[in-house]
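Here, each number is a calculation from the coordinates, and none is a lab measurement. Worth saying up front: this structure is predicted, and the values here are computed from it rather than measured. For neighbour counting, all protein chains shown are included, and Cβ atoms are generated from backbone atoms with ideal geometry for every residue, glycine included.
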Amino acid sequence: MKRSMVVLGLVVLVVLAASPRTARAQSLQEVLLRAKPAVALVVSEVAARVTVNCGGVVTTVEPAPLRETGTGWFVSPIGWLVTNAHVVSPAQRPPDWLNAEMAKSATRPGCRATDVKLEPSISVVLSNGIRMPATIAKYSPPIAGEGMSGRDLALLRLEAADLPALTLGDSGALQIGDPVHIIGFPGVVLTHELLNASAKVEASVTNGAVSGFKQDKSGQPVIQTDASAAGGDSGGPTIDDRGRVVGVLTFITQSGTDQGSIVQGFNFVIPAQAVKDFLAGTEVKLGEPSRFNHAWQAGLSDFFAGNHSRAASALAEANRLMPELPDVMRVTRENDEKVNHPPPRPFPWTLVAASVTLVGLGAYAAMFVLRWRRNRFRIKPSELVRMIDSAEPPVILDVRDAKTYERSPVRIPNSHHVTPQSLEATRPDLDIAPDRTLVAYCT
């Protein structure tokens, strides 16, 4: 019985090993693709209308605006976006020197500026190139330059719905060495002469790990990472391997001797817990469902699982909700190619091996059962000797056919010879009490 239980256990294990997994682990590529659409370029501008008097002739001049770019990410699908406060600081509080600078830019010899009207604005550019106006709903000034208590966070409001959104994770669970990924719009990419306009507004990803836990000047916690970053990445989400936001990139580290030189490997991240505290008391509701997220994530899940026909409808729905996002278009093209030209299926070695193993175990189990049934009443010679020496010895039947019995020199003392033929034809009267133990000897 113990052997049969072992065989049954092996069969169950093989069946479980051969069956498809119900939960599929996400690759890093899939995690990043899920997150990228929720990251957007933030543009903070201060334009100016300068009234210029040139010898009695009054004109209005619009010099080139002051422009600051950074990164933001949607924390809610209905248009709530988080970024750094210093990214939108020029629009929140234009610097004092800007009036004089705009007046200087608008004038020429023989002219003088009589009035400068600043026009600050903030806009958010999605990865598909759509530009949307935004307003500041909450502002916590950066620690350098505007106060010692700020967290360098800003909450922007856009009039939109069904946007991609990211989920806040638990920054308190991070440990040194945990992998992290920064998504943003570095200025070096935005201005690179190699790239076309559409490629420049697609978010970039850099990878690294948690390298330390520090405190800023006001004693508030920050996370140090060796993930590289550049100007323009400020405000970008820092995500873990599950795609959850564990922090927000803040000021890029620059050399103390050369303020134009960025030092890589020593960047700092505002913890996700600080973001949660910043959002407390606002209208933002964390965890709101996004129809785009649902469609995009379902499409990616089917795509990476090889269910390309089913992925097509989900990807089409994601593109309908957010048209022409680069990642959605790229995955859709690759998925369509696989639908139209499916790759040859690999030989199912795992299934064949499992089937052969199951057949072998089944045959072994059948042989074991048959042997057990055949031998379940058989006793060992030592057991027979013990029974013969007991107070009530058994009756021994020598059940050999007549020819074998006559030729064999072996005779069992006190045994009754009964041929198999006689047992099959009739019921011989052996004059044996019904409660006696019978032991049959046969070949």
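Results, tabulated for the structure shown:
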item	result
Folded to 0 to 90 degrees: helix 308-321 orientation relative to the chain principal axis, Cα	20 degrees
Label point distance in nm, Ser228-Cys111, each placed 7 Å from Cα along Cα→Cβ	4.4 nm
Under 5 Å, built H, 5+ apart or other chain: amide partners of Thr167	Val245
Calculated diffusion of the chain, Stokes-Einstein form, Kirkwood radius summed over Cα pairs, 37 °C and 0.692 mPa s, µm²/s	114 µm²/s
Two-site label geometry, Leu361 and Leu28: point separation in nm, points 7 Å out along Cα→Cβ	3.7 nm
Per-residue [θ]222 nm for the chain (sum of -39500 (n - 2.57) over DSSP H runs n ≥ 4, rounded to 500)	-10000 deg cm²/dmol
Percent of Cα-Cα distances greater than 18 Å, calculated over segment 23-161	63 percent
Computed P(r) (all Cα pairs; segment 380-441; 5 Å bins; percent)	4, 15, 26, 24, 18, 11, 2
R0 of 25 Å, Cβ-Cβ distance Ala316-Leu286: FRET efficiency to nearest 0.05	0.30
Rounded FRET efficiency, nearest 0.05, which uses the C-beta distance separating Thr135 from Thr60 and R0 of 30 Å	0.70
Cα gyration tensor shape of segment 291-340, rounded if a/c is under 1.5, else prolate or oblate by comparing a/b with b/c	oblate
Cα long-axis angle, helix 349-375 against the chain (0 to 90 degrees, to the nearest 10)	20 degrees
Projected label distance in nm at Glu159 and Glu383, using a 7 Å step from Cα toward the beta-carbon	9.2 nm
Per-residue ³J(HN,Hα) for segment 387-397, Karplus 6.51 cos²θ - 1.76 cosθ + 1.60, θ = phi - 60°, Hz, x for Gly and Pro	5, 5, 7, 7, 5, 10, x, x, 8, 9, 9
Degrees separating the helix 291-305 axis from the principal Cα axis of the chain, which is the longest one	50 degrees
Relative packing of peptides 340-352, 61-73, 239-251 - highest average C-beta neighbours within 10 Å first	239-251, 61-73, 340-352
For Phe213, residues with placed amide H under 5 Å, excluding near neighbours	Gln224
Dipole magnitude of the chain about its Cα centre (Cβ charges: Lys, Arg +1; Asp, Glu -1), debye to nearest 20	1400 debye
Mean Cβ count within 10 Å, highest first, over the residues of peptides 329-338, 403-412, 157-166	157-166, 329-338, 403-412
Unmatched cysteines, the chain - criterion: no other Cβ of a Cys under 4.7 angstrom	Cys442
Those lysines that a straight Cα-Cα span of less than 25 Å connects to Lys338, excepting residues fewer than 8 apart in one chain	Lys36
Hz values of 3J(HN,Hα) by residue in segment 398-414 - Karplus curve (6.51, -1.76, 1.60), Gly and Pro given as x	8, 9, 10, 5, 4, 5, 5, 5, 6, 7, 7, x, 7, 10, 8, x, 6
Gain upon complete extension [Glu392, Arg374; 0.36 nm per residue less C-alpha separation]	3.8 nm
Percent breakdown of C-alpha pair distances by 5 Å bin, ordered from the shortest bin, for segment 28-279	1, 6, 13, 16, 18, 15, 11, 7, 5, 3, 2, 1, 0, 0
Residues Ile143, Ile388, Ile122 arranged by fewest to most Cβ contacts within 10 Å	Ile388, Ile143, Ile122
Residue-wise HN-Hα coupling along segment 70-75, computed from phi with Karplus coefficients 6.51, -1.76, 1.60 (Hz; x: Gly, Pro)	x, 10, x, 8, 7, 9
Where the Cα pairs of segment 306-443 fall when distances are cut into 10 Å bins, in %	9, 20, 16, 9, 8, 7, 6, 10, 11, 4
Segment 269-296 residues near the modelled Gln215 label - backbone nitrogen below 20 Å, point 7 Å along Cα→Cβ	269-275, 277-278
